[in-house]
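Everything below concerns the one structure shown next.
What follows draws every value from the coordinates through simple rules; no lab data is involved. Here the structure is a predicted model, which is why all the values come from computation and not from measurement. Ideal geometry is used to build each Cβ from the backbone, glycine not excepted, and the neighbour counts take in all protein chains shown.
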Amino acid sequence: MTTRYIQLPRDIVEISGPDTRTFLQGLISQDVEKVTQDHAAYGTLLTPQGKFLHDFILIASDDSLLLDTEAGRGAELIGRLSRFKLRAKAELALREDLTITTVFGDEASTALGLEPVPGATLRDGGRIVFVDPRTAQLGARILATPAGTGAFLDGKPLEAGVPEDYDRLRIALAVPDGARDMELEKSTLLESNIDLLHGIDWEKGCYMGQELTARTKYRGLVKRHLQAFRTEGEPPAPGSAVTADGKAVGEIRSTCGDHMLVSIRTEIGEEAALTAENGTILLPLN
């Protein structure tokens, strides 16, 4: 695969102050202490009942933490976190001066001077460059101002890509894209592949929604998961039902061309004949 880059539509939330880490530690699914100057991590914020609200990549920046999260939902994330701040000395703000650019392809990490290890991080002036902590197959990201990113990329053996290039790769790897693939206040982490993407620390102490998350894992209660498919025929719309032998077994989530993520029941095997509600046949992508 040619190594390409695109700027992603993302919001950056900064949390600063002496209580930043202790404040976040009791709220999110990731161990905040694993976020260092050399390592980025992936985490989520859940409801008290263990249902999805927000996901984000956590990056250390001097004494602050930066959260790389869904575009258009940064202010909402700040609002939700602020409800729990109480007397904690932590300030939350949107960093509208910063952008996220992803570099992806077979040589993405090498082209940026990184080992292909999830979360591996380097710093170049005011820029932070890191391997995607969910999977190194998604490539690396650059967190910087637009001018800083341009200067960093100048002269590197990369081609400008288009959003569809990245989206097809993400779907093929069965990586959810926030609320496009996870239902707010409904989806659980294990049915959304978050455990497979290093988004849960099973050894840390309590956090909001931990009880249901742990119970789902240890009692084997996962009834569905996200799986990548491709279509033969007209692509179905997100939200369309998927059937097998006339019975509903899943639902289309995000799509890109003939690629799609499907929330599908775990007992459905690869040999099952799956059809979207518009009659399109679905075939496993991997």
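Counting Lys and Arg as +1 and Asp and Glu as -1, what is the net charge of the other residues whose Cβ lies under 9 Å from the Cβ of LYS223?
Details: positive: ARG224, ARG265; negative: GLU191, GLU267.
Spelling it out: positives minus negatives among the neighbours equals 0.
For the chain, the number of Lys pairs separated by eight or more positions or lying on different chains, with C-alpha atoms closer than 27 Å, is 22. Measuring how big region 72-188 is from its alpha-carbon positions, Rg and Dmax come out at 16.4, 49 Å.
Taking the helices alone, the chain has a mean residue ellipticity at 222 nm of -4000 deg cm²/dmol, built from -39,500 (n - 2.57) per DSSP H run of at least 4 residues and averaged over all its residues. Put the Cα centre of region 63-116 next to the Cα centre of region 125-162 and the gap is 14 Å. Among rounded, prolate and oblate, which fits region 4-172 when a ≥ b ≥ c are the square roots of the eigenvalues of its C-alpha gyration tensor, a/c under 1.5 means rounded, and a/b larger than b/c means prolate? Judged from the Cα gyration tensor, region 4-172 comes out prolate (a/c at least 1.5, a/b above b/c).
When the alpha carbon gyration tensor of region 223-286 is reduced to an equivalent ellipsoid, its three semi-axes come out at 15, 12, 11 angstrom, largest first.
Write out the trypsin sites (Lys or Arg not before Pro) in region 88-145 meeting two conditions: DSSP loop, and at most 16 other Cβ atoms within 10 Å of their Cβ.
Details: sites: LYS89, ARG95, ARG123, ARG127, ARG134, ARG141; in loops: LYS89, ARG95, ARG134.
In loop regions of region 88-145 (DSSP not H, G, I, E or B), the sparsely surrounded trypsin sites (Lys or Arg not before Pro) are LYS89.
With the convex hull constructed from alpha-carbon coordinates only, region 142-286 shows a mean projected area of 11.7 nm² over all directions.
Converting the Cα gyration tensor eigenvalues of region 180-249 into ellipsoid dimensions via √(5λ) gives semi-axes, longest first, of 29, 13, 11 Å.
When the Cα atoms of the chain are aligned to their principal axes, the ranges along those axes come out at 57, 47, 29 Å in descending order. Sequence-ordered 3J(HN,Hα) estimates for region 267-284 from the Karplus curve with 6.51, -1.76 and 1.60 and θ = phi - 60° stand at 7, 7, x, 5, 7, 5, 8, 10, 9, 7, 5, 8, x, 5, 7, 9, 10, x Hz, glycine and proline given as x.
What's the longest piece of the chain with no exposed chymotrypsin sites (Phe, Trp or Tyr not before Pro), counting a site as exposed if DSSP puts it in a loop and it has at most 16 other beta carbons within 10 Å? List each step's numbers first, then the result.
Details: sites that count: PHE84, TRP202.
Between the exposed loop sites, the longest stretch runs 85-201.
Which net charge results for the neighbourhood of THR20, defined as the other residues with beta-carbon distances under 10 angstrom from its beta-carbon, given Lys and Arg at +1 and Asp and Glu at -1? Working shown, then result.
On the way: positive: ARG21, LYS89; negative: GLU14, ASP19, ASP63, GLU91.
Result for the neighbourhood of THR20: -2.
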